[in-house]
Amino acid sequence: MIRSLYKKDFDIYNKFESSINSSNKSSNSRIDYYHRILSSSCSTDVIFQSMISTMNFREVVPLTKNNNMFRFDIKCFNNTNNLILGPLKISSGITLMDLPSLSIPMSHYHLNKNNFVQINFIHRISDNETEPMKKFIEFIRFIDSRMQILISDYIKHINGSSPIYNMLKKNNVTFNQNWIYTGIVNKGNNNTEYINIRYFRDSFKGKKKNGTNVYCGDDYLYEMSDLLSRDTFCYINGNIFPLIKVNYIIINERTVNNIPMVNFTCKAYFVRYKLTNKFRSL
């Protein structure tokens, strides 16, 4: 059940049920889109390995709002494609009926203890995931490993023309020292592992929201989009079909145990939210 601590009640379960039972063109088109992009990226081990073997950093640029931070833009297949990943039933592809079994429980706290807006959903990894989800998590781990190799290689071959050359030199960074990697999979307390997926957050302009689209079945959820665009507290949890895009790595300075370091954070974003059961707002 998708639950959100907020003012109103929105029960979209019946809408989702009707969208599963319908065969309208838009539903088929959206599922065809999911199937098409996932078939070309992760439908088999060979196809997935082919994709990540072409993964690279297209460029490193300063952040628009903070020139002291930078990002690696990530591309694959000779810079023509984004790195897109999602759970998939290998034997049968994907249908609208498959989405509930291809989804994972995720939680979102909209404000942290310092009242800063959070843009991530998390899933606690357990031994209860379905086989497609286990494969999805395995692929995410491969991506994290590949990113660390690419970062190490970049540092090893860096020259003075790189925008982050001075940052790395200042912090005595070498290919295997004084830098840390924050991946899509992170460890919390007691070595518990979490998947961390973000969404694009933007404000409404008129009736159109310029951010990550939120769907349940074939219905666009204006209420959820509005909720996530606000600066007020809410808590959301429920099952989401995690179709994700790995966009870039953020680079910034950090101090860890009184040692100055450079942190590389891999950012994975929802291509769009696909909620697969009841969403209720309280």
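Other residues lying with their Cβ under 12 Å from the Cβ of Asn176 contribute a combined charge of 0, Lys and Arg counting +1, Asp and Glu -1.
Contact order normalised by length for segment 127-208, with contacts defined as Cα pairs under 8 Å and 6 or more residues apart; what percent is it? Don't skip to the answer; put the middle values down first.
Values: 39 pairs, mean separation 18.2, N = 82.
Over segment 127-208, the number comes to 22 percent.
All other residues whose Cβ lies under 14 angstrom from that of Met261 are scored, Lys and Arg at +1 and Asp and Glu at -1, for a net of +2.
Grab the beta carbon distance between Lys187 and Val256, set R0 = 25 Å, and tell me the FRET efficiency rounded to 0.05.
On the way: r = 14 Å, r/R0 = 0.57.
Plugging the Cβ-Cβ distance into 1/(1 + (r/R0)^6) gives 0.95.
Using a ≥ b ≥ c from the Cα gyration tensor of segment 139-185 (square roots of the eigenvalues), is it rounded, prolate or oblate, where a/c under 1.5 gives rounded and otherwise the larger of a/b and b/c decides, a/b for prolate?
Working: a/c = 2.62, a/b = 2.04, b/c = 1.28.
Taking the square roots of the gyration eigenvalues as a ≥ b ≥ c, segment 139-185 is prolate.
Based on alpha carbons, the Rg and Dmax found for segment 111-156 are 15.6, 40 Å. Among 142-154, 252-264, sorting by the average number of other beta carbon atoms lying within 10 angstrom of each residue, highest first, gives 142-154, 252-264.
Taking every protein chain into account, the accessible area of segment 133-206 amounts to 55 square angstrom per residue (probe 1.4 Å).
For the peptides 240-251, 95-106, the ranking by mean Cβ contacts within 10 Å, running from highest to lowest, is 240-251, 95-106.
The values are calculated or read from the model by the stated rules, or taken from the named source; none is laboratory data. Predicted model, so just to flag it, every value in this text is computed and none were measured. Backbone-built Cβ (ideal geometry, glycine too); neighbour counts: all protein chains shown. Accessible surface is based on the protein model in full, side chains and every heavy atom, while ligands, DNA and RNA are left aside. Shrake-Rupley method; radii C 1.70, N 1.55, O 1.52, S 1.80 Å.
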